Amino acid sequence: MYQKIWLSSPHMGGTEEKYVQEAFDSNWVAPLGPNVNGFEQDIANYLQDDMHVAALTSGTSALHLGLILLGVQPGDEVICQSFTFSASANPIKYLGATPVFVDSEDETWNMSPRFLEEAIMDRVAKGKKPKAIIPVHLYGMPAKMDEIMAIADRYDIPVLEDAAEALGSSINGKMCGTFGKIAALSFNGNKIITTSGGGALVAHDKELVNKARFLSTQARDEAPHYQHSHVGYNYRMSNICAGIGRGQMEVLDTRIAQRRRIYNWYTEEMGTIPGVSFVTEPEGYFSNRWLTTILVDPKQSNITRETLRLAFESKNIESRPLWKPMHMQPVFEGCPFYGDGTSERLFEQGLCLPSGSNLGDTELTRIKAVIQDCTYFRDKTRQKEHVAI
Ligand SMILES: *Cc1c(COP(=O)(O)O)cnc(C)c1O
């Protein structure tokens, strides 16, 4: 059997071990140390806009602390994009608050500004103003942040951006992660760069980031003994993981270019297949193309996303349906939802294709063979051509 082709696997640049070695040499194996400071500085420099950064154990912990810093309490409501990975919404539950899910729009597949406003108005009319809004930049595509921020500002509700999949994506040059009051990044193993596991909380407000650092290191008050006046968390990134991150930051722009090349390759290979469509960048939008995703419209196509997925699987190639919306998940049953079925359709018709920056010609050839097997001979006009040949 061929080696497995993953959707997205870690891709080291080569200098990561140097930073990790430095940590060993100086015995900064733990706790914090120069790599954590260096990694935070690298991210801040990359995002520009005078951002401050706290490196944490995961994107999920960044979202959790973000909600705490925004004052979310038990019984509160938090608006969250429904079409996302569950980690966007779980931290709302950690705090005993209720997620209010909002559907996607067609252009970016992210939070619909129209349904966001409808949700806010309806929750306010019901006597409960949402405490925060969590838009997500899925698969690297920026959400419609201009419109979302305008609505959030109008109702004076803070935005917690889930930029876990979108490091390096931007709108008119402004980076994802710099739009909201707080943003979460992820360096999980499958993301565009990885620290083997990690995340970051970023914000314009230095005080907020300092509070995140305080809460993430067990919330110790200043005293020679252990004194606590807040509930703390053990969420800080280690100096070893941060060393990997420093090496990865050196190749981030290369990784983005590689992922975008993969996306372009798929559009060339699959762009003319009837019923297959891609999500394209609106004017001024730049996606890191973390994952290449397609929709397969069964009405226009001779295949479904499931035929394609199974064909890949039979050749030991990983592909995956798009995120199943949170309002359809049993764990979030009963949570309010505002939408028109867009994310349900995306889930039914969508597939994530292998998109790792480390895919080489051998892998792409294998992927291409499956696409051709699956689509070419099912296409009736081409079947005729084939017979004619
Ligand atoms: C990966 C991811 C997270 C969680 O990040 P972890 O580092 O895995 O905890 C949150 N939201 C989205 C959209 C993600 O893709």
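Across segment 187-223, the number of residues qualifying as polar (S, T, N, Q) and farther than 30 Å from residue 353 by Cα comes to 4. Only helices (runs of 4 or more DSSP H) whose full extent lies in segment 4-89 are considered here, and none of them has at least 3 residues that are within 16 Å of the ligand (Cβ to nearest atom) and more than 22 Å from the chain's Cα centre (by Cα). Would you confirm whether or not segment 23-33 contains a residue that is within 30 Å of residue 231 (Cα to Cα), in contact with a strand residue (DSSP E or B) (Cβ under 7 Å, 6 or more places away or on another chain) and modelled with pLDDT of 95 or more? No; the residues of segment 23-33 include none that is within 30 Å of residue 231 (Cα to Cα), in contact with a strand residue (DSSP E or B) (Cβ under 7 Å, 6 or more places away or on another chain) and modelled with pLDDT of 95 or more. Restricting to segment 338-364, name every residue that is free of Cβ contacts under 8 Å to residues at least 40 places away in the same chain and either under 23 Å from residue 192 (Cβ atoms) or under 16 Å from the mean Cα position of the chain (by Cα) (or both). Result: 360, 361, 362. Touching a Pro at 6+ places or on another chain (Cβ under 9 Å) and surrounded by fewer than 22 Cβ atoms within 10 Å (Cβ to Cβ): is that true of residue 189 in this structure? For residue 189, the condition - touching a Pro at 6+ places or on another chain (Cβ under 9 Å) and surrounded by fewer than 22 Cβ atoms within 10 Å (Cβ to Cβ) - is met. Looking across segment 82-98, the residues that are of a type outside the set (A, V, I, L, M) and buried (at least 24 other Cβ atoms within 10 Å of the Cβ) come down to 82, 83, 84, 88, 91.
For residue 99, the conditions (1) away from the ligand (no atom under 16 Å from the Cβ); (2) more than 17 Å from the chain's Cα centre (by Cα); (3) closer than 30 Å to residue 282 by Cα all hold with the exception of (1).
Residues checked against (1) in contact (Cβ under 8 Å) with a residue 40 or more places away in the chain; (2) of a type outside the set (A, V, I, L, M, F, W, C):
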residue: 140; (1), (2): yes, yes
residue: 159; (1), (2): no, no
residue: 166; (1), (2): yes, no
residue: 169; (1), (2): yes, yes
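Just one of the listed residues (79, 68) is out of contact with any strand residue (DSSP E or B) (no Cβ under 7 Å at 6 or more places or on another chain) and β-branched (Val, Ile, Thr), and it is 68. Scanning segment 24-66 for residues that are of a type in the set (Gly, Ala, Ser) and closer than 30 Å to residue 173 by Cβ yields 38, 44, 54, 55, 58, 59, 61, 62, 66.
The values are calculated or read from the model by the stated rules, or taken from the named source; none is laboratory data. The shown structure was predicted, so the numbers you read here are calculated from the model rather than taken from an experiment. Glycine gets a Cβ as well: all are built from the backbone with ideal geometry, and neighbour counts include every protein chain shown.
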